[in-house]
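Participant: Questions regarding the structure given below will be posed in turn.
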Amino acid sequence: MHPLVARLQSKPALHAWAAAQGIAMTSLIARAASLDALDRDALVGPSGVADRLVIKPANADSGCGVIILQGGNDHMTEAPVGPDLAAYARRLWADKGLDGRAVLVEALITDAEAAMRPDLVIPRDTKVYTVAGWVGFVQVQDRNGPGRMRGMAVFDRQGRPLPAANRKWPHWPKLASLPGFAVTMAAAERLSALLPQLLRLDLYATPEGPVLGEITAYPSAGLDITPFSRRTLLQMWELAPD
């Protein structure tokens, strides 16, 4: 892994680097070595109630252990959180074998179309596969709805539909691309040009523009990809080896 990419796997380092590049990031509210070490006072807003938060393990994949808190409910599990958020998180993580993991708490961002579509509590995730400033393909994941996998649409740089890219997700070939798609692609290309490695950049389309969530050097551990995505990733590797 390139040294800069390795450094950016740390959230504080990524926040500092993104700010220097003029790209917004998800707002980091708190981080701790474990759920037990988390400062509970950091989780409550002006009303004294924890709300509109994302609580997640610092090292997991595919949304495992992520809590999307809004209105007293965890929208990843469709379950009420109850009065003790830390206790709820502890039970959830124990069930998923995540005990003892470091924890990150971020502010829940707003999907660009949430004002018109109240079903979009969980912002759609735009995962851009890039190398050397070039976009190979784009996955747009919608985790709202049953099973937290309502669908995945796949696009090229211009927003034209492409074949399914992941075996686990329902494919939505007719899903329209997101608002601000071209702006999001331009941001991904600009960041990718600074990072000499084949990477996946996770961005969110918000009313204020694209927001960077994370940079992934080994997305999904290379699992569950379709022949289309495998072929495209290999072509990207050959065209611009790092």
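Participant: Where does helix 11-21 land angle-wise versus the long Cα axis of the chain, in degrees 0 to 90, nearest 10?
Facilitator: 50
Participant: What do you get for the angle between helix 181-192 and the principal long axis of the chain? Use alpha-carbon atoms, 0 to 90 degrees, nearest ten.
Facilitator: Approximately 80 degrees, to the nearest 10.
Participant: Taking the Cα centre of segment 1-84 as the origin and placing charges on Cβ (Lys, Arg +1; Asp, Glu -1), which of Val44, Pro12, Gly72 is farthest toward the positive end of the dipole?
Facilitator: Pro12
Participant: In addition: Which residue, Val54, Val105, Val44, tops the fluctuation ranking in a GNM of the chain built on C-alpha contacts under 10 Å?
Facilitator: Among Val54, Val105, Val44, the largest mean-square fluctuation in the Gaussian network model of the chain belongs to Val44.
Participant: What is the Cα convex hull volume of segment 79-125 when expressed per residue in Å³?
Facilitator: 122
Participant: Here's another thing I want to ask about it. Taking the chain as a Gaussian network, where each spring joins two C-alpha atoms under 10 Å apart, which residue of Leu191, Leu69, Leu98 fluctuates the most?
Facilitator: Its mean-square fluctuation being the largest, the pick is Leu98.
Participant: Shifting gears a bit: So in the chain, what percent of DSSP beta bridges are antiparallel if you round to the nearest 5?
Facilitator: Bridges in the chain that DSSP calls antiparallel: roughly 95 percent.
Participant: In a solvent-free Debye calculation with one equal scatterer on each Cα, what is log10 I(q)/I(0) for segment 1-148 at q = 0.14 Å⁻¹, listed in the order of the q values?
Facilitator: For segment 1-148 at q = 0.14 Å⁻¹, log10 I(q)/I(0) is -0.77.
Participant: Additional query: So for each of 226-234, 150-158 I average, over its residues, the number of other beta carbons within 10 Å; can you give me the resulting order with the highest mean first?
Facilitator: Ranking, from highest mean packing down: 150-158, 226-234.
Participant: Apply the Karplus curve 6.51 cos²θ - 1.76 cosθ + 1.60, θ = phi - 60°, to the phi angles in segment 218-228 and return the couplings in whole Hz, x for Gly and Pro.
Facilitator: Result, ordered by residue: 9, x, 6, 6, x, 9, 6, 7, 8, x, 4 Hz.
Participant: List the equivalent ellipsoid semi-axes of segment 28-107 in whole Å, largest first, each obtained as the square root of 5λ for an eigenvalue λ of the Cα gyration tensor.
Facilitator: 18, 14, 11
Participant: Here is a further query. Using only the Cα atoms, work out Rg/Rh for segment 122-231, with Rh taken as the Kirkwood radius, to two decimals.
Facilitator: Looking at segment 122-231, the ratio lands at 0.93.
Participant: While we're here: Go ahead and estimate [θ] at 222 nm for the chain from helices alone: -39,500 (n - 2.57) per DSSP H run with n ≥ 4, summed, over the residue count, rounded to 500.
Facilitator: Calculated from helices alone, the mean residue ellipticity at 222 nm is -6500 deg cm²/dmol.
Participant: Let me spell out the model: positive unit charges on the Cβ of Lys and Arg, negative unit charges on the Cβ of Asp and Glu, origin at the Cα centre of the chain. What dipole size does that give, in debye rounded to 20?
Facilitator: Magnitude of the dipole: close to 540 debye.
Participant: For the chain, modelled as a GNM with alpha-carbon contacts under 10 angstrom, which of Ile68, Ile109, Ile29 fluctuates the most?
Facilitator: Ile29
Participant: Still on this model: Hey, what did the chain get for relative contact order, percent, Cα under 8 Å, at least 6 apart?
Facilitator: 19
Participant: Express in whole angstrom the spacing between the alpha-carbon centres of segment 60-113 and segment 175-242.
Facilitator: Centre-to-centre (Cα) distance: 25 Å.
Participant: Structure shown: which of Lys96/Lys174; Lys56/Lys168; Lys11/Lys127; Lys11/Lys168 lie over 24 Å apart, alpha-carbon to alpha-carbon?
Facilitator: Result: Lys96/Lys174; Lys11/Lys168 exceed 24 Å.
Quick note: the coordinates plus some simple rules give every number you see, no bench work behind them. Everything quoted here is computed from the prediction, not taken from an experiment. As a convention, Cβ positions derive from the backbone with ideal geometry for all residues, glycine included, and neighbour counts pool all protein chains shown.
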